[in-house]
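Taking it in order: structure first as structure tokens, then the write-up.
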Amino acid sequence: MSAVHYESYTEARTHFKDLLDAAGEGRVATVRRDSDRAAVVDVDRLRHYLSLGCSAKAQAVAESGGWSIFIPGVPVAADGATFDEALSEMVDALREYAEDWQDRLRTAPNHKDHWGLVQLIALSDDQQLTDWLVGNGR
């Protein structure tokens, strides 16, 4: 089977099952709305791809009897008494950042390029984010 392209959301709605089937099979699936075009993709495939393209590069530092974790270039950091606690706090901090990004930061010049990171956060469960932070989960 080939890619599926629908020239209107009305046409896509009529063929919604076919659209989702194509996305689930990894085929290109798009919908046009006025002059915009959107892609429909399988969440697991997109999450995997984003995890490869958005390298965490998280850095952990032992300090003052605890741990700090941060990602250079991303305004998110977390602390904890143990490494695991700091990781858990970092997952929470990433979720909060993603929510703030969706609400108000997505158009800010110093945040707009974090779209892929925000998508990865939103599409991942806590264990997947933890694995991504420590470099496992690919």
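Numerical summary
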{"read-out": "Probe 1.4 Å, all protein chains present, accessible-area order of L120, L46, largest first", "value": "L46, L120"}
{"read-out": "Difference of contour (0.36 nm per residue) and Cα-Cα distance, N136 to A77", "value": "19.3 nm"}
{"read-out": "Estimated FRET transfer efficiency (H48, Q127; beta-carbon r; R0 22 Å; 0.05)", "value": "0.90"}
{"read-out": "Added length on full extension, which subtracts the Cα-Cα distance from 0.36 nm per residue, K57 to V28", "value": "7.4 nm"}
{"read-out": "Cleavage-rule hits (GluC sites (Glu not before Pro)) in the range 1-51: DSSP loop, at most 14 neighbouring Cβ within 10 angstrom", "value": "E7, E25"}
{"read-out": "Span per principal axis, largest first, for the Cα atoms of the chain (Å)", "value": "60, 30, 19"}
{"read-out": "Å² of accessible area per residue within the chain, as computed with a 1.4 Å probe and no ligands counted", "value": "63 Å²"}
{"read-out": "Residue-span extension gain [D21 to Q102] - 0.36 nm each, minus C-alpha spacing", "value": "26.4 nm"}
{"read-out": "Value at 222 nm in deg cm²/dmol, rounded to 500, when DSSP H runs of n ≥ 4 in the chain each add -39,500 (n - 2.57)", "value": "-13500 deg cm²/dmol"}
{"read-out": "R27 - accessible surface, heavy atoms, 1.4 Å probe, Å² rounded to 10", "value": "40 Å²"}
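The values are calculated or read from the model by the stated rules, or taken from the named source; none is laboratory data. These numbers come from a predicted model, not from an experiment. As a convention, Cβ positions derive from the backbone with ideal geometry for all residues, glycine included, and neighbour counts pool all protein chains shown. These accessible areas exclude ligands, DNA and RNA; they are computed on the full protein's heavy atoms, side chains included. Shrake-Rupley method; radii C 1.70, N 1.55, O 1.52, S 1.80 Å.
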